[in-house]
Amino acid sequence: MPKKVHLKETPLLIEGAWEVCNQVGGIYTVIKSKILNVLQQVGDDNYCLIGPYVNNNISAVFDPISDDGDDLVSRTVRSLRNKGYEVHYGRWLVSGRPRVVLFKPHNEAWKLTDIKKSNWESHNIPSFDGDDLFDQTIMLASQMTDFFQELDNLNNSDKKVVAHMHEWMAGIPIPEIRRRNLNIKTVFTTHATLLGRYLAMNDPEFYQNLEKGTYNWTKEAEHFNILPQVSIERAAAHGSHVFSTVSRLTAVECKYLLGREIDAIVPNGININKFEALHESQVLHQRYKEKIHEFVMGHFFQSYSFDLNNTLYFFTSGRFEYKNKGFDLTLEALARLNHKLRVNNINKTVVTFFITKQDYHTINPIELESRAVLGEIRKICDAMEKSVGERLFYVASKGDMIETPTIEELIPENLRLQLRRTVQSWKTSRLPYITTHNLKDDAKDDILNFARNSGLLNYEGDKVKLVYHPDFVSSMNPLFGIDYDEFVRGCHLGVFPSYYEPWGYTPMECVARGIPAITSDLAGFGDFVINDLKRTKVEGIETIHRKHSDYTHSAEELANFMYDFVTMERRDRIAQRSRVEQSSYHFDWNELYDYYIKAYNMVMTR
């Protein structure tokens, strides 16, 4: 881990992204979670974010402020407003409450044709027709560029200014800043090359072909119909004073697909304070595991039961990229694990949750009905419990109790009959469903098709069960009734053996919650664990080899690790959770923000 570093001088830092005040994916987490560290370095007066005013619930995350200050940003906002621009200036309602400048993309719709013409003539960036998201991106970029122009005019070179832009969606201002010769230093961070993501999904020899330099970026971008976006990405990469990415793996993509070697690696961190539970970690795990127990009983026990005390909960999550996220490898390893547990007669059950986002019609009504009936069974049992307590207390208080009363004496017959009828009406001979929802394209779903082809269909004799939940987990969800963070706390192991993952927040967030996790050496996070921490295994993090290993060997390695985890003694898993949480400081922004500071020190000397 590098020694602590500090800014050699404090610039005005303007950080821009499509996900400022607008949660779409992982970049939102990156930017939001490090704000306190940014403010600690440069202070509130020297930091501002810039992004789109597009969030449908913007009032929940944005608090307007006045522009009557004498600082450079306030003067720039005031000047733009005087020229007729609609500028939303306020504070982002997250930890640190940083200042933000937001623009409505469609305010530039009247000059969209001119913007496209200028992008082509100035930077050789082509455009789509009829792609609203792309159009919004370049219209936002036009207003961002005007903001930087006005800020530079008012600054008159009095203060150093650094513009740090994230991803292609906020990339166009960088080549424009260079073309207009503004006195603003620029940093561009790509969190994943767009072309790399598409190629990885479609080429089984992606990494081999990448390092051979065999891809023609123009031809491939045209093939996937993403040439305009990739052209923006390349223009920002080549135009920036400092070009950065989040991992060594993505750095290779940048070299071969964007045509420029990176200057700095800026790993993603997390705010450990958000997750800290210290001595409460095991208590929280137990509490939320009980919630998952309730779901499992409703999902499986209608068909058959198994011992929840000997059940482990695995999960994987992320956007639905079947190969890139390693869903395919996870399923293959689970099929092998099922065989190993059955052959060796291991008295454990593994329920594995696939939490992702897919199009669906509704939650399976049979699933909801089962949960409702299970709730009715609980009510009857609660009434029986109350009856037993009251009647036993009455008999005992009389002082003449020779023998303990029978269950028939303690529980009224009507309750016993009601319980029997309810349970009998609830029970079914069908297999438990794999998916909790009715998918729109069930027949073509990769996860379901693997289950069908492999026979991993939740048979009673299977040691490994699958639950495919094609929606986010939240407290508003009637199936779980807990938030995603709480769901993770209740699980035993996170499984993320990605084939393509520029960074990978999910295993890092597991570790922060004291939950062991599996990553791969093709994930930026896994590469960081191996190379930057100089350890192939930080406590609780297992890195599966995929870079120089074929699919079969990787699947067997993953299955063997899962088997070892399942057969571990319970007290050892408890001890491991404690050690996992203690080692999570490696990934805190207090450690990793130094990489950003180095990039800013670098850019101010160029």
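The values are calculated or read from the model by the stated rules, or taken from the named source; none is laboratory data. Remember, predicted model here, so these are calculated numbers, not experimental data. Here the Cβ is made from the backbone with ideal geometry for all residues, glycine too, and neighbour counts use every protein chain on show.
Are there any pairs with C-beta distances below 6 angstrom linking a residue in segment 130-142 that is over 15 Å from G16 (Cα atoms) to a residue that is assigned to a loop (DSSP other than H, G, I, E, B) and of a type outside the set (S, T, Y), with the two at least 6 apart or on different chains, and if so which?
Between residues of segment 130-142 that are over 15 Å from G16 (Cα atoms) and residues that are assigned to a loop (DSSP other than H, G, I, E, B) and of a type outside the set (S, T, Y), the close pairs are F134/F128.
Could you grab me the full set of residues in segment 351-376 that are within 15 Å of F295 (Cβ to Cβ) and β-branched (V, I, T)?
Passing the criteria: V351, T352, I355, I363, I366, V373.
Those residues that are in a strand (DSSP E or B) and in contact with a His (Cβ under 8 Å, 6 or more places away or on another chain), I need them from segment 339-379; list them, please.
Answer for segment 339-379, where residues must be in a strand (DSSP E or B) and in contact with a His (Cβ under 8 Å, 6 or more places away or on another chain): F353, F354, I355, Y360, H361, T362, I363.
Taking the conditions exactly as written (free of Cβ contacts under 8 Å to residues at least 12 places away in the same chain and either under 21 Å from H191 (Cβ atoms) or out of contact with any Leu (no Cβ under 7 Å at 6 or more places or on another chain) (or both)), does K291 satisfy them or not?
Spelling it out, it is not the case that K291 is free of Cβ contacts under 8 Å to residues at least 12 places away in the same chain and either under 21 Å from H191 (Cβ atoms) or out of contact with any Leu (no Cβ under 7 Å at 6 or more places or on another chain) (or both).
Cβ contacts < 7 Å: first residue within 15 Å of L493 (Cβ to Cβ), restricted to segment 566-588; second residue in a helix (DSSP H, G or I), any location; separation 6+ or different chain. Result?
V566/L341; I574/Q282; R577/S281; R577/Q282; R577/H285; V580/V511; E581/S281
Quick check: anything in segment 433-454 surrounded by fewer than 16 Cβ atoms within 10 Å (Cβ to Cβ), assigned to a loop (DSSP other than H, G, I, E, B) and small (G, A, S)?
Scanning segment 433-454, I find no residue that is surrounded by fewer than 16 Cβ atoms within 10 Å (Cβ to Cβ), assigned to a loop (DSSP other than H, G, I, E, B) and small (G, A, S), so the answer is no.
Residue-by-condition table, conditions (1) crowded, with 24+ Cβ neighbours inside 10 Å; (2) more than 15 Å from the chain's Cα centre (by Cα); (3) under 23 Å from T193 (Cα atoms):
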| position | (1), (2), (3) |
| --- | --- |
| Y484 | no, no, no |
| G494 | yes, no, no |
| Y499 | yes, yes, yes |
| M508 | yes, no, yes |
| T519 | yes, no, yes |
| I541 | yes, yes, no |
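Restricting the search to segment 110-129, which residues are touching a residue at least 24 places away in the same chain (Cβ under 8 Å), surrounded by fewer than 14 Cβ atoms within 10 Å (Cβ to Cβ) and more than 17 Å from E233 (Cα to Cα)?
Once the filter is applied, which keeps residues that are touching a residue at least 24 places away in the same chain (Cβ under 8 Å), surrounded by fewer than 14 Cβ atoms within 10 Å (Cβ to Cβ) and more than 17 Å from E233 (Cα to Cα), segment 110-129 yields only K111.
Contact list please: Cβ distance under 8 Å, first residue in segment 340-357 and more than 25 Å from P507 (Cα to Cα), second residue of a type in the set (S, T, N, Q) and part of a loop (DSSP other than H, G, I, E, B), pairs at least six apart or on different chains.
I346/T567
Please verify whether segment 384-399 includes one or more residues that are buried (at least 20 other Cβ atoms within 10 Å of the Cβ) and of a type in the set (F, W, Y).
The answer is no; no qualifying residue exists.
Does L329 satisfy being closer than 20 Å to V488 by Cβ, in contact (Cβ under 8 Å) with a residue 24 or more places away in the chain and hydrophobic (A, V, I, L, M, F, W, C)?
The answer is no for L329.
May I ask you to verify whether P98 is surrounded by 20 or more Cβ atoms within 10 Å (Cβ to Cβ) and in contact (Cβ under 8 Å) with a residue 60 or more places away in the chain?
So P98 fits the description; yes.
Residue pairs, Cβ under 7 Å, 6 or more apart or interchain, first in segment 458-474 and of a type in the set (K, R), second at pLDDT 95 or above and assigned to a loop (DSSP other than H, G, I, E, B). List them.
Cβ pairs passing all conditions: K463/I346; K463/K348; K465/N458.
Just to confirm my filter: which helices (runs of 4 or more DSSP H) fall fully inside segment 482-594 and include at least 2 residues that are among the charged types (D, E, K, R)?
In segment 482-594, the matching helices (runs of 4 or more DSSP H) lie at 484-490, 551-566, 570-582.
Is it fair to say I27 is at pLDDT 95 or above, under 26 Å from the mean Cα position of the chain (by Cα) and among the β-branched types (V, I, T)?
It is false that I27 is at pLDDT 95 or above, under 26 Å from the mean Cα position of the chain (by Cα) and among the β-branched types (V, I, T).
Give the residue that is nearest to the chain's Cα centre (by Cα), with candidates limited to residues of segment 456-481 that are closer than 17 Å to F354 by Cβ, at pLDDT 95 or above and assigned to a loop (DSSP other than H, G, I, E, B).
P470
Could you say whether any residue in segment 393-401 is assigned to a helix (DSSP H, G or I) and assigned by TED's automatic domain parsing to the domain that holds N338?
Checked segment 393-401: no residue is assigned to a helix (DSSP H, G or I) and assigned by TED's automatic domain parsing to the domain that holds N338.
Where the second residue is part of a helix (DSSP H, G or I) and basic (K, R) and the first is within 26 Å of N181 (Cβ to Cβ) and lies in segment 219-240, which pairs have Cβ atoms under 6 Å and are six or more apart or on separate chains?
Filtered contacts from segment 219-240: G239/R178.
Restricting to segment 174-188, give me the number of residues that are closer than 22 Å to I597 by Cα, touching a residue at least 40 places away in the same chain (Cβ under 8 Å) and not β-branched (V, I, T).
Residues flagged as closer than 22 Å to I597 by Cα, touching a residue at least 40 places away in the same chain (Cβ under 8 Å) and not β-branched (V, I, T) within segment 174-188 amount to 2.
So which strands (runs of 3 or more DSSP E) stay within segment 1-78 end to end and still have 1 or more residues that are loosely packed, with under 14 Cβ neighbours inside 10 Å?
The strands (runs of 3 or more DSSP E) meeting that bar are 62-64.
Taking the stated definitions as given, is F587 in the same structural domain as E501 (by TED's automatic domain parsing), within 18 Å of P502 (Cα to Cα) and surrounded by 20 or more Cβ atoms within 10 Å (Cβ to Cβ)?
So F587 does not fit the description; no.
Name every residue in segment 490-507 that is in contact with a Ser or Thr (Cβ under 8 Å, 6 or more places away or on another chain) and not β-branched (V, I, T), in order of residue number.
G494, F496, P497, S498, Y499, E501, P502, W503, G504, Y505, P507
Taking helices (runs of 4 or more DSSP H) that fall entirely within segment 118-226, which contain at least 3 residues that are among the charged types (D, E, K, R)?
Hits in segment 118-226: 132-155, 173-179, 217-223.
List the pairs whose first member sits in segment 380-405 and is more than 21 Å from W426 (Cβ to Cβ), whose second member is at pLDDT below 85 and outside any helix (DSSP H, G or I), and whose Cβ atoms are under 6 Å apart, counting only residues at least 6 apart or on separate chains?
If the second residue must be at pLDDT below 85 and outside any helix (DSSP H, G or I), the pairs left are V395/M401; V395/P405.
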